[in-house]
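Each value in this text was obtained by applying a stated rule to the coordinates, not by laboratory testing. As the structure is a prediction and not an experimental result, all values here were calculated from the model. Here Cβ is always computed from backbone atoms with ideal geometry, including for glycine, and neighbour counts include all displayed protein chains.
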Protein chains: 2
Amino acid sequence: MPDLAALTALGLRWDAYGQAGLTGPLLRLADDLDHAFQQLAAQWQAVEERPPATLPASALTGHLRAFPHQATFAIGLEPTDTNLGEFADGPVVGPAGSVVLTRTGPVTTVLTPAACFHVYAQRRGTQLTEAAYVTTRTTCFRREQHYEPLRRQWNFSMREIVCLGTSDETTSFLAEARAQTDDFARRIGLPLAWAPATDPFFRPHRQPGFLLQRVQPVKHEAMYGSLALASANRHHDHFGSTFDINRAGVPVSTACVAFGLERWLYAVVDRHGTDPGAWPEIALPAEVVTA
Amino acid sequence: MPDLAALTALGLRWDAYGQAGLTGPLLRLADDLDHAFQQLAAQWQAVEERPPATLPASALTGHLRAFPHQATFAIGLEPTDTNLGEFADGPVVGPAGSVVLTRTGPVTTVLTPAACFHVYAQRRGTQLTEAAYVTTRTTCFRREQHYEPLRRQWNFSMREIVCLGTSDETTSFLAEARAQTDDFARRIGLPLAWAPATDPFFRPHRQPGFLLQRVQPVKHEAMYGSLALASANRHHDHFGSTFDINRAGVPVSTACVAFGLERWLYAVVDRHGTDPGAWPEIALPAEVVTA
């Protein structure tokens, strides 16, 4: 289990607020891993989309009600000269490091909680004629009670592959994506085991979503020991309905597989040690990519 | 001048809050441009650093006082069950799309206003023994009164090359970086002209920083028509002193060149048209990179 000093020597720049900067060997490893996940996504000819940093709060009402403890919002000062002047003439930052805010403007956006939300929001009100596969990577924000370098962060990099299709198409996609994830993990020497999981709902027993996840195994996580490196999620027509994305007159089904990049960094170092020369080749061989 | 429809056809996903998502030809062009800037950075063997999303407010007191109108802060709900329950049981989002916040926690972090701030914050209290060159890219947030796709955004991608050294070293770096930027722009057919500039201070005539910028040409912008595609900035020992970064017993001087990636996208389309087949080769030829 690599400690903070060992990870720092490999290029981790851990931050007091639960975020990671990267340089050196860990940065190269992160880029190699993301490239390998893009190679996996290419099996479905998934289209790459780079989303903006935030989502409109109005598109996430249900999510915010279910996960209010995890949300990070973007906020600015009310942009009147008087208000800005009061701010600038004040202490700006107080003794405990907190900003001494004056009046703030309305909060209309949420820092991205999950990469795939952009894929659905982007397609609001559209009609699909065939299955769509999309891959995307973004910085995701989730507040937690405590943070651990690379294992549990306030914000982290999430790579996702998303399928929007029929129920059968999403079922096939998930089965194949799980098998491909297993193959890749085996290739780089990481033992993974899939297990059913539930999302960390606020007041879980009052949440219909949590009850559904308990009854139906809609979420599975790829566990490296106690650490989930990836998740495979079946949303049925939840996002198709919420975002009015239809095909042949009915809401599409969606599914996604999500990779938490920093956790893969942790797993590689934990498994293969702190000498980057001993780390496995990450890129997929050409015969796998074109299979 | 490409309009929003033309840019959308090329892969721009413009957002009501002043942000850009990218896919298709514009995403590939953005990656190619960033790679070319990394090739420029390699002329100084600049080390790549990928910073976290936010900076501690306590490290930016002076900046926040000078640019309070541009700041975006990260904020969360006060994480008590009672408060989260009040939020979740409330409307969550009001009719105008604004979040109906209950009590919020302290604001301690600022969404990155400029990529190079991380480079200095990362080196706080350190001693350098020779010039250091760093390159970094991050999403930067700056509120404006209005936004225009790719030209003026709430948040955007900034690639920087930073020199921390003696006054002479930063002078040589800036001269060389400006010449390299000119060469690159000429190679891809973009006419650029450098012009002295000032930062958009709040209440400029009361800001020592603004007065300094008027007296001494510390900031120059590479203008494509009326659009600044890059800036070259001499900070003297401002950041060396602020962040206690020293060399041979005195605060280091710093300088940076910054590229606004979305603006380069705009300039390429404006200059070369909406057919990606007519866009220039972006990658630098090997003989330039190894020069």
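Descriptive notes on the structure:
- Applying the criteria of a DSSP loop state and at most 16 other Cβ atoms within 10 Å to the trypsin sites (Lys or Arg not before Pro) of region B:73-124 yields B:Arg103, B:Arg124.
- Ranking of B:Tyr147, A:Tyr224, B:Tyr120 by neighbouring Cβ atoms within 10 Å, starting from the fewest: B:Tyr147, A:Tyr224, B:Tyr120.
- Just checking the listed ones, B:Arg214, B:Arg203, B:Arg142: in the Gaussian network model of chain B with Cα springs under 10 Å, the one fluctuating most is B:Arg203.
- Rg/Rg_globular for chain A, with Rg_globular taken as 2.2 N^0.38 Å and Rg from C-alpha atoms: 1.08
- Applying both filters, DSSP loop and at most 10 other Cβ atoms within 10 Å, to the GluC sites (Glu not before Pro) of region A:221-283 gives A:Glu281.
- Fraction of antiparallel bridges per DSSP, the protein assembly as shown only, in percent to nearest 5: 95
- For region B:17-66, with +1 on Lys and Arg beta carbons and -1 on Asp and Glu, the positive-most of B:Gly18, B:Leu64, B:Trp44 along the dipole: B:Leu64
- Structure remark: mean-square fluctuation, Gaussian network model of chain B, C-alpha springs under 10 Å; the largest value among B:Glu169, B:Glu78, B:Glu144 belongs to B:Glu78.
- For the pair region A:72-107 / region B:71-125, the C-alpha centres are spaced 12 Å from each other.
- Cα gyration tensor, region B:1-160 - rounded (a/c under 1.5), prolate or oblate: oblate
- With a Förster radius of 41 Å applied to the C-beta separation of B:Glu287 and A:Asp168, the computed FRET efficiency comes to 0.15.
- The protein assembly as shown, dipole about Cα centre (Lys/Arg Cβ +1, Asp/Glu Cβ -1), debye to the nearest 20: 1020
- Given charges at beta-carbon only (K, R positive; D, E negative), |dipole| of chain B in Debye: 720
- When the protein assembly as shown is described by a simple charge dipole with +1 on each Lys and Arg Cβ and -1 on each Asp and Glu Cβ, the residue from A:Leu265, A:Ala179, B:Thr126 located farthest towards its positive end is B:Thr126.
- Summed over qualifying helices (DSSP H, 4 residues or more, each -39500 (n - 2.57)) and divided by its residue number, chain B shows a 222 nm mean residue ellipticity of -9500 deg cm²/dmol.
- R0 of 56 Å, Cβ-Cβ distance B:Ala195-A:Leu211: FRET efficiency to nearest 0.05: 0.35
- Distance between region A:237-291 and region A:196-234 - C-alpha centres, whole angstrom: 17
- Within the listed set A:Gly62, A:Gly11, A:Gly90, the Gaussian network model of chain A (springs between alpha-carbon atoms below 10 Å) gives the highest mean-square fluctuation for A:Gly90.
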